[in-house]
Amino acid sequence: MKKPIALILTLATAVSLTACGGSGDSQSGSTANSGDGITFTIFNSKSEIQEYLEDAAAKYCEENDVNIEVYYSNDTVAAHLSVKYASNDPYTLAMTDAKDIYTLGVEHGYDMSGQAWVDKTDYAISVDNKVLGFPVCIEARGMLYNADAIERVTGEAFDPASITTLDEFSAFLDKLVANGMEAPTAILKPDWSLGAHYLQQVYEERADVDGFVDSLYAGNADLIHDEKFNALMDTFDVLMKYNAFASGPISAEDELVHQKMSEGEIAFQFGGCWEWNDIIDFDYTGNIGIMPVPQNVQDDYTGCLVGGGSKYFYIDNSENTSDEQRQAAADFLNWLVDSDEGQTLVSDTCGMISAFSNNTVTCTNDLGNAVKQYVDEGKLVPNYDFDPDDHYSKVGAYMQEYLAGRIDRATLAGNIESYWSSTTPVEH
């Protein structure tokens with residue numbers, strides 16, 4: 001967050017509101033009017049763009065005679081929105097994760113099939129021939145690397161394409177250690193990073209993702225003998241071996257990991273392009289990039305990142321939202337896609353990778369630009385968006401236990417299998 005956020009909803013841990021016109025005051029949930037225009041609300045679940053979205057909304061409504069309130073909450077998105085629906089006070093336009101479109105969006109979403117933006121993206125979410133999800137951006141995950149730090153240690157330019165297998169990766173880490181970088185890796189500890197991002201690749205990097213997940217639900221999967229699970233866990237073991245926070249792996253705060261990456265104390269860290277703003281907050285060396293996770297299994301996914309549409313807007317279709325408010329929200333989405341100001345907001349100001357083919361504004365996020373190359377080359381393994389709501393918290397906790405050395409791989413595999421076989425399948 002770049003500036004303080006006004007606390008205006010007791011339902012949320014942290015919420016902010018901005019309204020156009022009047023004094024611009026954002027206290028106590030009051031709405032300042034810019035005229036007689038329609039007022040609609042936006043829920044933003046991407047904290048790093050809150051200030052930018054507020055500023056853009058203020059400018060937009062000055063020019064379009066509407067009033068916009070922008071809210072942010074760091075509560076779980078599905079839980080927060082469910083409370084809003086229970087109180088008959090939904091947001092007009094809500095930003096959620098992809099999986100929420102298949103639940104909240106299906107129940108409450110307005111069909112946007114006729115909108116002009118639909119033909120300009122490959123990442124919209126449709127259910128039963130209804131376009132319900134507007135893609136905010138594209139994001140991807142893989143192995144982050146600090147090329148400057150590597151070159152400083154080795155005296156050689158770093159070519160990420162030279163490392164595809166785990167054996168090559170391990171040998172390279174040994175080389176860094178031999179040349180003075182004592183601990184060249186770091187691992188983010190949060191359950192979402194371990195469960196929803198790293199382990200998630202076990203589901204995503206295979207030909208029949210739904211079939212594999214169905215076997216988990218049915219209790220027929222055998223993770224400890226699964227080639228992909230073991231390949232990714234072998235790589236995770238190597239990251240643990242060289243971890244700069246090995247003495248307290250689940251005590252290391254994210255900021256410390258990002259600082260070491262930014263300032264070149266480490267060379268590698270699993271993560272995603274969304275971490276750009278966290279990394280450049282420190283004494284940034286420059287030349288941080290992203291590469292596929294090295295694995296000894298060489299398959300159709302070798303050389304690819306995992307990613308796709310990340311964060312989706314849907315328009316509320318309940319009786320608590322008027323047709324005029326829905327139209328105003330739809331106009332705002334089209335403005336994001338088609339106007340120079342909207343395209344600049346997405347790609348330049350927010351540094352996000354646009355999901356729309358007509359946006360040619362250069363992304364100011366170096367990691368985003370690197371991901372864009374993989375997108376353009378068709379080297380992006382699609383996200384799997386149908387995990388149960390508690391997946392990352394439960395499975396992420398098992399991964400944390402493994403990271404801390406409290407359980408072995410066989411126990412981890414058994415715990416993951418037990419989780420899936422005892423939960424309810426997500427329909428999609």
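Computed from Cα positions, the angle between helix 77-86 and the longest principal axis of the chain comes to roughly 30 degrees. Semi-axes of the equivalent ellipsoid for the stretch 211-255, computed as √(5λ) from the eigenvalues of its C-alpha gyration tensor and ordered from largest down, come to 30, 13, 8 Å. Take the Cβ atoms of residue 88 and residue 208, set R0 to 45 Å, and the FRET efficiency comes out at 0.60.
Across the chain, Cα-Cα pairs farther apart than 34 Å form 34% of the total. I need the Debye-formula profile for the stretch 154-262: one equal scatterer per C-alpha, no solvent, reported as log10 I(q)/I(0) at q = 0.15, 0.20, 0.23 1/Å, two decimals. Result of the Debye calculation: -0.79, -1.17, -1.33. Relative to the dominant Cα principal axis of the chain, helix 254-263 is inclined by about 70°.
Note on the chain: antiparallel DSSP beta bridges, both residues inside, total approximately 65 percent of the bridges counted. At a probe radius of 1.4 angstrom, the accessible area of the stretch 78-237 per residue rounds to 39 square angstrom. Once every DSSP H run of n ≥ 4 in the chain is given -39500 (n - 2.57) and the sum is divided by its residues, what mean residue ellipticity at 222 nm do you get, rounded to the nearest 500 deg cm²/dmol? Only helices count here, giving -10000 deg cm²/dmol. Summarising the amide proton neighbourhood of residue 96: residues at separation of 5 or more, or on other chains, whose placed amide H is nearer than 5 Å comprise 312, 313, 314. For the stretch 315-394, carbon and sulfur atoms together expose 42% of the accessible surface, with a 1.4 angstrom probe and every protein chain in place.
Please name which of 180, 38, 83 has its Cα lying farthest along the dipole of the chain towards the positive end, using unit charges on Cβ (Lys, Arg +1; Asp, Glu -1) and the Cα centre as origin. Of 180, 38, 83, it is 180. Within the accessible area of the stretch 166-284, what % is carbon and sulfur when the probe is 1.4 Å and the other protein chains stay in place? Exposed carbon and sulfur together represent 46 percent of the surface.
What FRET efficiency, computed as 1/(1 + (r/R0)^6) with R0 = 51 Å and r the Cβ-Cβ distance, is obtained for residue 377 and residue 62, rounded to the nearest 0.05? Once the sixth-power term is evaluated, E becomes 0.80. The radius of gyration of the Cα set in the stretch 72-230, together with its Dmax, comes out at 21.6, 62 angstrom. Annotation: peptides 364-371, 383-390, 418-425, ranked by per-residue average of other Cβ atoms within 10 Å with the highest first, follow the order 364-371, 383-390, 418-425. Taking the longest Cα principal axis of the chain as reference, the axis of helix 323-338 is set at about 50 degrees. Comparing mean-square fluctuations of 170, 339, 193 from a GNM of the chain with C-alpha springs under 10 Å, the top value falls on 339.
Each Lys and Arg adds +1 at its Cβ and each Asp and Glu adds -1 at its Cβ; summed about the Cα centre, the chain shows a dipole of about 600 debye. Just to confirm my numbers, what's the Cα centroid distance between the stretch 112-141 and the stretch 152-179 in Å? A separation of 40 Å, based on Cα centres. Among the GluC sites (Glu not before Pro) in the stretch 259-358, those located in a DSSP loop and surrounded by at most 11 other Cβ atoms within 10 Å of their own Cβ are 319. Solvent-accessible area per residue in the stretch 275-384 equals 41 Å², computed with a 1.4 angstrom probe and all protein chains kept. Is the stretch 253-341 best put as rounded, prolate or oblate by its Cα gyration tensor, with a ≥ b ≥ c the root eigenvalues, rounded for a/c under 1.5, and otherwise prolate when a/b is larger than b/c, oblate when not? Since a/c reaches 1.5 and a/b is larger than b/c, the shape of the stretch 253-341 is classed as prolate.
Model label sites at residue 55 and residue 339, defined 7 Å from Cα along the beta-carbon direction, differ in position by 1.6 nm. For the stretch 272-317, rounded, prolate or oblate, judged on the Cα gyration tensor with a ≥ b ≥ c (square roots of eigenvalues), a/c < 1.5 rounded, else prolate if a/b > b/c? Since a/c reaches 1.5 but b/c is at least a/b, the shape of the stretch 272-317 is classed as oblate.
The values are calculated or read from the model by the stated rules, or taken from the named source; none is laboratory data. Predicted model, so just to flag it, every value in this text is computed and none were measured. FYI the Cβ positions are ideal-geometry reconstructions off the backbone, even for glycines, and counts take in every protein chain you see. Keep in mind that these areas ignore ligands, DNA and RNA; they rest on the heavy atoms of the full protein, side chains included. Shrake-Rupley method; radii C 1.70, N 1.55, O 1.52, S 1.80 Å.
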